[in-house]
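To start, the structure itself, in structure tokens.
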Amino acid sequence: MPEQRCAVVAVLGAPNAGKSTLVNTLVGAKVAAVTQKVQTTRALLRGIAMRGQVQLVLIDTPGVFAPRKRLERAMVAAAWSALEGADAIVHVVDAPAHAPREKLSGADARAIEDSAGIAATLKQRDTPSVLVLNKVDGVSRPALLQITQRLVEQGLYTDVFMISAKTGDGVEDLARTLAERAPESPWLFPEDQTMDAPARVLAAEITREKAFLRLHEEVPYELTVETEKWEERKDGSVKIDQTLVVARETQRKIAIGAKGQTIKAIGEAARKEMEAAFDRRVHLFLHVKVAERWSEERALYQRLGLDYEA
Ligand SMILES: Nc1nc2c(ncn2[C@@H]2O[C@H](COP(=O)(O)OP(=O)(O)OP(=O)(O)O)[C@@H](O)[C@H]2O)c(=O)[nH]1
Ligand SMILES: [Mg+2]
């Protein structure tokens, strides 16, 4: 029997860089919500990927940015906390956002600033970091070289990878390198497990993703999803009751939509994905509730594993 090896890998980067997409691709299953909006991931999520005798425990983190609100501060603190105990760090960068151009959008300028801050911080640490330029499907070769050059000057990386987390291009090269460097250690999880969170947490993430995708303006950021009930049925199906918590009555109306259309569409998309994820029939019931100060409630932070006082 070859020795077991295992590496804890923290996946860090600015909001929207593609961290969750990369973790899902490496795991080969959906473990983390992915949307085109920033601040999709709110807490640490572990995805587990096997490569031969090597187990990679990938920690998906919330994006690192300049936080203002309590929840944002807790998210960013959680992202940095993932570095504790990590054997390796993967710094994911949204390459198209960093491409040199005459005029940058505000969001791209922020992404560049956030990445530079991360590069500088990682440089102070002993844990080996690799730089991953993501979304190479959307950027030219010369631009990639310029972006790499700038970040390599700002940080200290053992390797640079150019990948598309979405198409999988280059992802196995990265996996191989991470696996090669994994220290000898017993696996932390059974080899057929793909994530560490319980199914009801994944169910809440799935619904939150569908709601994020369908709701616009400020609603997604002021929304959270709780799995209230999980009832196993004799026929092998499961009945799941979830509450979408929003901060205002107007948001409740938007989430429900005319004749309940919006919530119905969110529920249908979520149910389909849950059936695939749990490999069984799902009866999903969604409720919408207003709790003005949910993002200030201590219990929420505890459930998400976030630090209320961060
Ligand atoms: N074109 C392209 N899009 C990608 C790629 N990887 C991720 N995306 C898209 O980028 C957006 C953000 O992806 P996420 O995986 O949610 O990004 P994240 O870094 O986890 O974002 P936060 O959790 O909000 O910090 C989504 O719309 C993805 O589909 C890629 O390789 N190519
Ligand atoms: Mg994410």
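The values are calculated or read from the model by the stated rules, or taken from the named source; none is laboratory data. A quick note: this is a predicted structure, and the numbers were derived from the prediction, not measured. Cβ coordinates were reconstructed from backbone atoms using ideal geometry, including for glycine residues, and neighbour counts include every protein chain displayed.
Using beta carbons and a limit of 8 Å, which pairs, at least six apart or on different chains, have the first residue in segment 49-69 and more than 17 Å from V171 (Cβ to Cβ) and basic (K, R) and the second one at pLDDT 95 or above and within 16 Å of ligand 2 (Cβ to nearest atom)? Final answer for the pair search is none. Taken as a whole, the structure places A258 among residues that are surrounded by fewer than 17 Cβ atoms within 10 Å (Cβ to Cβ), aliphatic (A, V, I, L, M) and free of Cβ contacts under 8 Å to residues at least 40 places away in the same chain. Do the conditions hold for A265, that is, is it over 30 Å from P67 (Cα atoms) and modelled with pLDDT under 95? No: the conditions fail for A265. A residue that is within 16 Å of ligand 1 (Cβ to nearest atom), under 19 Å from the mean Cα position of the chain (by Cα), buried (at least 18 other Cβ atoms within 10 Å of the Cβ) and of a type in the set (V, I, T) occurs nowhere in segment 137-160.
Listed by first and then second residue, the pairs linking a residue in segment 115-140 that is within 22 Å of T177 (Cα to Cα) to a residue that is of a type in the set (K, R), with Cβ atoms under 8 Å apart and 6 or more places separating them unless they lie on different chains, are P128/R181; K135/K166; D137/K166.
Before we move on, is G267 in contact with a Leu (Cβ under 8 Å, 6 or more places away or on another chain) and not hydroxyl-bearing (S, T, Y)? Yes. For segment 42-77, residues that are in contact with a strand residue (DSSP E or B) (Cβ under 6 Å, 6 or more places away or on another chain) and within 19 Å of A310 (Cβ to Cβ) total 5.
With the requirement that a residue be more than 18 Å from W187 (Cα to Cα), surrounded by fewer than 23 Cβ atoms within 10 Å (Cβ to Cβ) and small (G, A, S), what does segment 51-77 give you? If the condition is that a residue be more than 18 Å from W187 (Cα to Cα), surrounded by fewer than 23 Cβ atoms within 10 Å (Cβ to Cβ) and small (G, A, S), then A66, A77 are the ones that fit. The criterion of at least 3 residues that are among the acidic types (D, E) is met, among strands (runs of 3 or more DSSP E) falling completely within segment 210-310, by 224-232. I need the full set of residues from segment 10-22 which are farther than 15 Å from F161 by Cα and touching a Leu at 6+ places or on another chain (Cβ under 9 Å), in order please. Within segment 10-22, A10, S20 qualify. Screening the candidates A120, A95, A78, A86 for the property of being under 21 Å from V9 (Cβ atoms), touching a Lys or Arg at 6+ places or on another chain (Cβ under 6 Å) and at pLDDT 95 or above yields one hit, A95.
Could you tell me whether V11 is in a loop (DSSP other than H, G, I, E, B), touching a residue at least 40 places away in the same chain (Cβ under 8 Å) and not polar (S, T, N, Q)? No: the conditions fail for V11. Test D94 against the stated conditions and say whether it is under 16 Å from G117 (Cα atoms), outside the structural domain of E217 (by TED's automatic domain parsing), surrounded by 21 or more Cβ atoms within 10 Å (Cβ to Cβ) and within 8 Å of ligand 1 (Cβ to nearest atom). So D94 fits the description; yes.
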